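These notes are about the structure you will find just below.
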Amino acid sequence: MLYQQQLQVLQCQHVRIHYGLLKLVYRLIKGRIELIEERKKKQNDSNFRNLRAVDLIRNVYREHGIAGFYKGVSASYVGVSETIVHFVIYEQVKAQLQILQTQHNISSDETNIYNFFSYLCSAACSKTIATTLCYPHEVVRTRLREEGNKYRTFMQTLKTVYAEESFVGLYRGLLTHLIRQIPVRMKKKTSEN
C-alpha cells in the first residue's frame, strides 16, 4: 500500500514537470499573440487597426527585428514560478486537510461536503499566496511590452518600476488579477477531484 502511494506521488510529480514544460511553450506562443494584440490596441491610426495579423507581424519585424517578438518572454518564463508555488502550496494544504479528515474519522472515499470544501479551500489559499508572491512578474511583463526604450530587460524593468513607483508599483492591479484568477482555479481544482 505504501509503495503504491509513493508510486502515485512520483507519477503526479512527473506529470507536473511535463505540465511546467508545456506551460513554458504555451507562454511563448501566447505571449507573441498578446504582443501583437496589444500593439494593435495601442495604435490610434485607423489604417493600423484594419491590418491583418500577418501585417502586424511584418510591422513588428521591420521595427524591432526578430527580438521584437521576444520582448517580455523572460517575464513570462518567470511566471511559471507562480504555477510551481501554487502546486506546492496546494498539495501541502490538501495534505493537512486530509490529516484533519482522518483525525475526525471522516471517510476519504466519501464524496461529501467536507471533501468539496477542502479542495475549494486548498485551491483558494494556494492561488492567493502564489499570485501575491509572484505578481510583480505580471507588471514587468506588461511594461516590457510597452513601446519605447525605457524598459529593456526583466531585472532592469523590475528595478525601474520599484525605483519610480516603489513597492506599490509592483503590485498595481493585483486585486483585479486575484478576482479574475481565484474563482477559475477553485472551479478547476474542485472539478479535478
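Full extension of the segment from Ala95 to Ile113, taken as 0.36 nm per residue of separation minus the current Cα-Cα distance, would add 4.8 nm. Among the listed pairs Lys30/Lys159; Lys30/Lys94; Lys30/Lys188; Lys94/Lys127; Lys23/Lys188, those with a Cα-Cα distance over 24 Å are Lys30/Lys159; Lys30/Lys94. Just to compare against my own numbers: the Cα pair-distance distribution for the range 133-175, 10 Å bins, whole % per bin, please. Per 10 Å bin, starting at zero, the Cα-Cα P(r) for the range 133-175 comes out as 32, 60, 8 percent. Note on the range 71-156: along the principal axes its Cα atoms extend 61, 17, 16 Å, ordered by decreasing extent. A full extension of the chain between Leu174 and Ser81 corresponds to an added length of 31.8 nm, given 0.36 nm per residue minus the alpha carbon distance.
Laboratory data are not the source of any read-out in this text; all were calculated from the coordinates shown. These numbers come from a predicted model, not from an experiment.
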